[in-house]
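Below is one structure, written out as structure tokens; comments come after it.
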Amino acid sequence: MEPAAVATEKQLDPLVGVASVIDTETTGLDPRTDRIISFGHVRLQDGKIGESIEWFFNPGDVEIHPEALKVHGITREFLADKPPIKGYLARIVELMVEAIVCGHNVKFDIDMLNAELARHRFPPLETFIQGVFDTMHESRKRWPGKPAKLDAVCDRVGVSTAHRVKHGALVDAQLCAEALLAMHREQRSFLDMFVDTGPAVALNEAATEMPPVLVQAASAEELAAHTSYLAGMSGETPMWHAYTAPLAAAPDQDNDAGELEANESAMAPC
């Protein structure tokens with residue numbers, strides 16, 4: 001039975017083409033009951049940071065969980081005059097069409113966005129985007145066992161977080177974008193060590209004619225020295241002296257059996 005073909009996972013490179021680095025702040029952690037109150041977006045074009053944007057939304061009658069408030073510090077009073085997210089969903093999706101969506105633990109942000117899209121009868125985000133790249137997942141692959149929070153990754157790759165007092169959608173998206181670029185530059189610098197910069201040779205290129213093999217025969221003096229060395233060896237006469245002479249002679253069909261018997265006798269261990 002032939003083995004089933006298994007499709008390999010497509011490797012996405014957020015430094016090629018368009019990438020959208022996103023982050024959200026929410027009223028809590030449950031996509032079914034909580035709401036997005038802030039959305040941050042940073043555009044990457046071929047590994048260069050472009051425009052950024054941040055929007056705030058009024059969650060209506062959904063309360064902000066106390067633990068969430070400790071993280072981002074966004075209060076209901078601040079959001080009182082902000083619009084609901086419904087009127088911004090199309091613009092949010094438009095930012096990410098045909099892009100690689102990146103983020104730190106980006107699955108949470110995508111789950112929250114998909115919940116908001118579903119409430120207002122939009123297709124899920126995966127319908128519009130090219131793929132997903134998670135810097136948290138990437139950091140765990142690269143540094144197994146090391147802390148994988150955004151602060152820890154930024155510290156590891158040399159991105160400063162000193163200007164951040166609390167989490168915010170835009171500031172976290174910006175930090176994630178900078179960390180992503182630093183991680184990939186580091187990886188590419190390492191891989192460049194193994195790049196052969198010499199001229200490429202086609203695999204089907206015809207082989208050139210090999211030069212003749214040079215055979216240097218031993219001189220008379222060298223042969224005499226070799227014979228003298230063998231004569232001084234301890235033990236019996238080397239076995240090859242016993243069977244090279246018969247082999248050098250022309251074979252005689254009538255004496256094949258006798259020669260074989262003589263050779264086997266000479267090669268027998270003492």
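Please treat every number below as a calculation from the coordinates, not as lab data. In this text, all values refer to a predicted model and were calculated from it rather than measured experimentally. A quick note on method: Cβ atoms are made from the backbone with ideal geometry, for glycine too, and the neighbour counts reach across all protein chains shown.
Taking amide H atoms as placed 1.01 Å from N in the peptide plane, the amide H of V132 lies under 5 Å from those of V101, each 5 or more residues away in sequence or on another chain. Got a sec? Which residues in segment 142-174 would a label at K70 touch, if it sits 7 Å along Cα→Cβ and we count backbone N under 11 Å? In segment 142-174, the label zone of K70 (backbone N under 11 Å from the point 7 Å along Cα→Cβ) covers no residue.
Residues whose amide H comes within less than 5 Å of that of S38, counting only those at least five positions distant or on another chain, are E25, F57 (H built at 1.01 Å from N in the peptide plane). In segment 18-190, what is the count of Lys pairs whose alpha carbons are under 15 Å apart, counting only pairs at least 8 residues apart or on separate chains? Eligible lysine pairs with Cα atoms under 15 Å apart amount to 4. Take the alpha carbon gyration tensor of segment 54-172, find the square roots of its eigenvalues, order them as a ≥ b ≥ c, and report rounded if a/c is under 1.5; if not, report prolate when a/b exceeds b/c, else oblate. Cα axes put segment 54-172 in the oblate bin.
Couplings 3J(HN,Hα) for segment 100-110, derived from phi with the Karplus relation 6.51 cos²θ - 1.76 cosθ + 1.60 (θ = phi - 60°), are 7, 8, 10, x, 9, 6, 5, 4, 4, 5, 5 Hz, where x marks Gly and Pro. Whole-Hz Karplus values for segment 220-229 come out as 4, 4, 5, 5, 5, 5, 5, 5, 5, 5 Hz, taken residue by residue from phi with 6.51 cos²θ - 1.76 cosθ + 1.60 and θ = phi - 60°; glycine and proline positions read x. Any idea how far the Cα center of segment 14-38 sits from the one of segment 128-150, in Å? Between the Cα centre of segment 14-38 and that of segment 128-150, the gap is 15 Å. Length gained on full extension, A217 to R121, computed as 0.36 nm times the residue gap minus the Cα-Cα distance: 25.6 nm. Label-to-label distance for W143 and D46 is 3.1 nm, based on points extended 7 Å past Cα in the beta-carbon direction. Our coupling estimate for segment 40-46, obtained by passing each phi through the Karplus curve with A = 6.51, B = -1.76, C = 1.60 and θ = phi - 60°, is x, 9, 10, 8, 10, 10, 6 Hz, Gly and Pro reported as x.
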